[in-house]
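J.: My questions will all concern the structure given below.
The values are calculated or read from the model by the stated rules, or taken from the named source; none is laboratory data. What you see is a predicted model, and the numbers here were worked out from it, not measured in a lab. Every residue, glycine among them, receives a Cβ derived from its backbone with ideal geometry; neighbour counts consider all protein chains shown.
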Number of protein chains: 2
Amino acid sequence: MIPNERKDVQALIDRLRAGDARSVSRLITLVENQAPEKAQVMASLFPYTGRAIIAGITGSPGVGKSSLTDRLIAHARDKGLTVGIIAVDPSSPFSGGAILGDRIRMQSRSTDPGVFIRSMASRGHLGGLSIATRDAARILDAFGKDVIIIETIGVGQSELAIAQEAQTTILVLAPGTGDSIQMMKAGIMEIGDIFVVNKADREGADQTVMEVETMLMLESSKNGWRPPVIKTQAVSGAGVEELWSQIEAHGRFLSEGEVGRARRRGQLRDEMVEILTERLKNDIWHKASQGRAMEDLLDSVEQKELDPYSAAGRLMELIH
Amino acid sequence: MIPNERKDVQALIDRLRAGDARSVSRLITLVENQAPEKAQVMASLFPYTGRAIIAGITGSPGVGKSSLTDRLIAHARDKGLTVGIIAVDPSSPFSGGAILGDRIRMQSRSTDPGVFIRSMASRGHLGGLSIATRDAARILDAFGKDVIIIETIGVGQSELAIAQEAQTTILVLAPGTGDSIQMMKAGIMEIGDIFVVNKADREGADQTVMEVETMLMLESSKNGWRPPVIKTQAVSGAGVEELWSQIEAHGRFLSEGEVGRARRRGQLRDEMVEILTERLKNDIWHKASQGRAMEDLLDSVEQKELDPYSAAGRLMELIH
């Protein structure tokens, strides 16, 4: 990196720390685009992170994640806290109009300077989106936001991975959708730190709560944290206060005990391996694109003298 | 690998080559589970691959992908060709009942020994599913299936990546869903080799065809291949014959010209880098879990003396 670029990044970070919202946008775009300055940005920001509450909200389409997020924003704002929202859509190509509507509804919050909203979508590598989401949350943390909410569209494998970048993962269900049974089958109960049954005025809400509680009893306890199941009505705001208390309680659980520490260390370990893997991959591309090695190997594979796995082994020997 | 395991894998491959369907299932499970024998299996199979037509079918839920796949199977069987189907669901946790219904409907084909159907879902790493799908297609190719169809549920980023493992990617749309506009916005027109407007008896079918054709004119031509737009009715079978001809035409285009060769080489190059990255990642985990290096680095990050990016750099120096 040339000295000027280093200076530019530092200036951007200084402005961020001084409260300039445009710097936030620019820095998030920078990590999203995997700009060469990314590592420097994240390294410089790191000392200012670790203060915010970071919650991930996930669940099937239509369960009311966006309305619930909106209620949580209002609740946090009433308490005088500032909020950052990262709305992540890993399957953006065909997300359709409903989601756009949600977004526009949430954008109404963006006239409040205490709320910062950013959408992120994946055009390329999904693993990359998960890393970018985590980095964006750190940028908002360093910016000084008290509460950061990562909201995902849908609840596929990629959404689960993204929601787990948060400290506290909230799984939202609605009565009568059969989601809880599906979750049990897929064995993903363990990712939820807090379960929310939204649209609690609907028929079957109590049954859904019971289903989830039964499943939680079948699961091994999360090392001392028993995930609560909360009924909410995002439309009226009922249950949102309890949800907020539980988010805070889980935050305290994470920061105070040995279990929380182990979990944070586990996340950091995953992150380091991920960063290193990404770096080595770029390294492979770079080295393989120089010289004839890759082309020669492709010739051999094309002529069926070599299979792709053996060719990859040869490539490793050549560029290591 | 101990000699016995090597012998077992070879026996499994011999039985596969002799037409034993149970060996196919066992070999696909083996690659799906990332078994240690995986590289040996794929290396041993590789010489027998490259003969089948491999098509990927993707599109939003409800456009009729499964019905269309069913029609294609019938068409291929009428021509005396054998068929392998890989039904991939990357977002399985919440896929719900409708998909199960589709699957059951397709299973009715499984009484035909000329048809092999396999479902694949991702519980773990998404990148892994994409690799496993490609390997499964190769196994079916080596098994001797003439036509292999990779059908994905939904059309998120992960589905697109999976559908692109095929030689020919078919994008299915339905009239009046707004999908074509969404596609254009997301800039994913380029992934389709063939466009299908299914449910062509519905109002708006001609308009959807026109929209897609207009968009294709705006895109740069795919190096000599102009993606056709075909109207089908999966229910009556109308248009399926034309779709089949276009799949064959695209196959010829790929195998005969320089463009097709470049594309195959590009796919192979990606595959080698992917295999290598996966291998290095496992290597990192293995080395990092030995000794104190990782724990010491985590201590430093926890105490904010070091950020994760710098720590990853140190880890690389230590284990390289």
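J.: Report those helices (runs of 4 or more DSSP H) wholly inside segment B:218-320 carrying at least 2 residues which are facing another protein chain (nearest Cβ under 9 Å). Quick ask: steps written out before the conclusion?
T.: Details: elements: B:240-256, B:258-288, B:293-302, B:308-319.
Here the list reads B:258-288, B:293-302, B:308-319.
J.: It is to be established whether one or more residues within segment B:151-160 are assigned to a loop (DSSP other than H, G, I, E, B), over 11 Å from the mean Cα position of the chain (by Cα), more than 25 Å from B:L243 (Cα to Cα) and at pLDDT below 70.
T.: No, segment B:151-160 contains no residue that is assigned to a loop (DSSP other than H, G, I, E, B), over 11 Å from the mean Cα position of the chain (by Cα), more than 25 Å from B:L243 (Cα to Cα) and at pLDDT below 70.
Yes or no, residue by residue, for (1) farther than 22 Å from A:D296 by Cα; (2) surrounded by fewer than 18 Cβ atoms within 10 Å (Cβ to Cβ); (3) touching an Asp or Glu at 6+ places or on another chain (Cβ under 8 Å); (4) basic (K, R):
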| residue | (1), (2), (3), (4) |
| --- | --- |
| B:V229 | yes, no, yes, no |
| B:S245 | yes, yes, no, no |
| B:G260 | no, no, no, no |
| B:M272 | no, no, no, no |
| B:W285 | yes, yes, no, no |
| B:D296 | yes, yes, no, no |
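J.: Tell me, yes or no, whether segment B:28-48 has at least one residue that is out of contact with any Leu (no Cβ under 7 Å at 6 or more places or on another chain), modelled with pLDDT under 85 and within 10 Å of chain A (Cβ to nearest Cβ).
T.: no
J.: Could you list all residues from segment B:240-256 that are under 15 Å from B:Q267 (Cβ atoms) and free of Cβ contacts under 8 Å to residues at least 12 places away in the same chain?
T.: Across segment B:240-256, the qualifying residue is only B:S255.
J.: Looking only at segment A:41-57, decide whether some residue is hydroxyl-bearing (S, T, Y) and under 30 Å from A:Q246 (Cα atoms). I'd like the intermediate steps shown before the answer.
T.: Step one: list which residues in segment A:41-57 are hydroxyl-bearing (S, T, Y), which gives A:44, A:48-49.
In the following step, the residues that additionally are under 30 Å from A:Q246 (Cα atoms) were identified as A:48-49.
Yes, that holds for at least one residue.
J.: Now for a separate question. Which residues, taken from segment A:69-107, are modelled with pLDDT under 85, assigned to a helix (DSSP H, G or I) and more than 24 Å from A:R26 (Cβ to Cβ)? Give the steps one after another, and end with the answer.
T.: Quick first cut of segment A:69-107, residues modelled with pLDDT under 85 only: A:88-107.
Among the residues that remain, those that are also assigned to a helix (DSSP H, G or I) are: A:92-94, A:97-107.
Answer for segment A:69-107, where residues must be modelled with pLDDT under 85, assigned to a helix (DSSP H, G or I) and more than 24 Å from A:R26 (Cβ to Cβ): A:P93, A:F94, A:G97, A:A98, A:I99, A:L100, A:G101, A:D102, A:R105.
J.: Listed residues A:I131, A:I57; which is of a type in the set (V, I, T), buried (at least 18 other Cβ atoms within 10 Å of the Cβ) and modelled with pLDDT of 85 or more? Show your work before the answer.
T.: On the way: A:I131 fails: modelled with pLDDT of 85 or more.
When all the criteria are applied, what remains is A:I57.
J.: Does A:V115 satisfy the condition of being at pLDDT below 90 and among the hydrophobic types (A, V, I, L, M, F, W, C)? Write out each step before concluding.
T.: On the way: at pLDDT below 90: no; among the hydrophobic types (A, V, I, L, M, F, W, C): yes.
The answer is no for A:V115.
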